[in-house]
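Colleague: I have a structure I would like to understand better, so I am pasting it below and will then ask my questions one at a time.
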Amino acid sequence: MGKPGFIQHIRPRQLKSGTLQLRNTFCLGGFSFLAFILLTISGVLLLFFYSPGEAAFSSLSEIDSALPYGGLIRSLHFWAGQLMVVSVFLHMVRVVWSKAYKPLRELNWVTGVMLFVLTVVLDYSGYLLRGGQESGAAASVGQTLVKTLPGGHFFSTIFFGQPSSLNGSTLNVFVWHVFILAGIAGFLQIFHFWRIRKDGGVRPL
Ligand code: HEM
């Protein structure tokens, strides 16, 4: 029996030979997770000084100019977001390429599709939180799009609140971005990792 403890618990006892080779995964799932960790840390730091709504744009300008390393933390949050979108997409392409969506991994494929959608919506809602004209325009486009769906008015109201066309940041978007979407994404990633172990590890090429 191995040593008890968390590290021992998360380390697999056995691995199929070759599954750790870089060409099986290109570590793209790993990069996506790394981006998520960076986003969580920098996002929590931004939370201390960011104000949603009317004051969004000015609170971010203040983070940039007055807060020590504020601009760096903001850039880190932005670029980690872009890295995550790209790496999650490439990870998905890799999974298709190695046919790892097939049984018995279909549940993890579905979990992955949910993670992909969450990643894109997180990136979009983060853009709205910047405040300012571009985010106001992006909110208008999103609202129009959501309203074409059945029950769209309801969903648009709970997701967007009442953004002005000059500022996409609202308390609603903030709550979705910071708590609901990020929380669900965190939970689904833990489930995703648990399923990889349950499904016998990465599918070798
Ligand atoms: C937050 C986003 C995601 C994270 C952090 C993540 C993380 C990971 C990690 C670390 C692995 C182990 C192998 C590797 O690194 O490639 C993996 C495997 C896997 N992922 Fe993801 N993933 C994400 C999104 C997705 C998406 C969008 C899909 C597909 C729609 C997906 C489907 C799968 C499947 C099917 C496996 C098993 C692969 C195999 O057995 O070869 N994942 N994921």
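Colleague: Amide H of Thr170: which non-local residues (sequence gap of 5 or more, or other chain) have their own amide H closer than 5 Å, using H built in the peptide plane?
Modeller: Placed amide hydrogens put Gly53 under 5 Å from Thr170.
Colleague: How many lysine pairs in the chain, separated by 8 or more positions in sequence or lying on different chains, have Cα atoms less than 24 Å apart?
Modeller: Counting lysine pairs in the chain gives 7.
Colleague: In terms of modelled amide H atoms, which long-range or inter-chain residues lie less than 5 Å from the amide H of Ser164?
Modeller: none
Colleague: Among Arg195, Arg13, Arg23, which comes first, then next, by fewest other beta-carbon atoms within 10 Å? Working shown, then result.
Modeller: Numbers: Arg195 17, Arg13 6, Arg23 10.
Ascending number of Cβ neighbours within 10 Å: Arg13, Arg23, Arg195.
Colleague: Here is a further query. Can you put Val173, Val88, Val93, Val146 in order, fewest other beta carbons within 10 Å first?
Modeller: Exposure proxy ranking, most exposed first: Val93, Val146, Val88, Val173.
Colleague: How many angstrom separate the Cα center of region 174-202 from the Cα center of region 114-149?
Modeller: After rounding, the separation between the Cα centres reads 21 Å.
Colleague: Work the Kirkwood hydrodynamic radius out for region 1-159: mean of 1/r over every pair of different alpha-carbon atoms, inverted, in Å.
Modeller: Taking the inverse mean of 1/r over all distinct Cα pairs, region 1-159 comes out at 18.7 Å.
Colleague: Once phi is turned into ³J(HN,Hα) by the Karplus curve 6.51 cos²θ - 1.76 cosθ + 1.60 with θ = phi - 60°, what whole-Hz value does each residue of region 176-181 show in order, with x for glycine and proline?
Modeller: Here the 3J(HN,Hα) series is 5, 5, 7, 9, 6, 5 Hz.
Colleague: GNM, the chain, Cα, under 10 Å: largest mean-square fluctuation among Leu107, Leu145, Leu45?
Modeller: The residue with the greatest mean-square fluctuation here is Leu145.
Colleague: Moving to a separate point now. To two decimal places, what compactness ratio does region 148-205 give when its Cα radius of gyration is scaled by 2.2 N^0.38 Å?
Modeller: So region 148-205 has a normalised radius of gyration of 1.71.
Colleague: Return the sequence-ordered ³J(HN,Hα) values of region 69-86 in whole Hz as given by the Karplus equation 6.51 cos²θ - 1.76 cosθ + 1.60 applied to θ = phi - 60°, using x for Gly and Pro.
Modeller: 6, x, x, 5, 5, 5, 5, 4, 5, 5, 6, 5, x, 5, 4, 5, 4, 5
Colleague: Taking θ = phi - 60°, what integer Hz values does the Karplus form 6.51 cos²θ - 1.76 cosθ + 1.60 yield along region 53-62, in sequence order, with x for Gly and Pro?
Modeller: x, 3, 8, 4, 4, 5, 5, 6, 4, 5
Colleague: Still on this model: If you average the sequence gap of Cα pairs under 8 Å that are 6 or more apart and divide by the length of region 26-198, what percent do you get for the contact order?
Modeller: Over region 26-198, the number comes to 24 percent.
Colleague: How would you order 63-76, 123-136 from highest to lowest mean count of nearby Cβ atoms within 10 Å? Intermediate values should be presented prior to the final figure.
Modeller: Numbers: 63-76: 14.1, 123-136: 19.9.
In decreasing order of mean packing, 63-76, 123-136 become 123-136, 63-76.
Read-outs throughout are calculated quantities, based only on the coordinates presented, and are distinct from any laboratory measurement. This is a predicted model, so every value here is computed, not measured. Neighbour counts run over all protein chains shown; Cβ positions are idealised from the backbone, glycine included.
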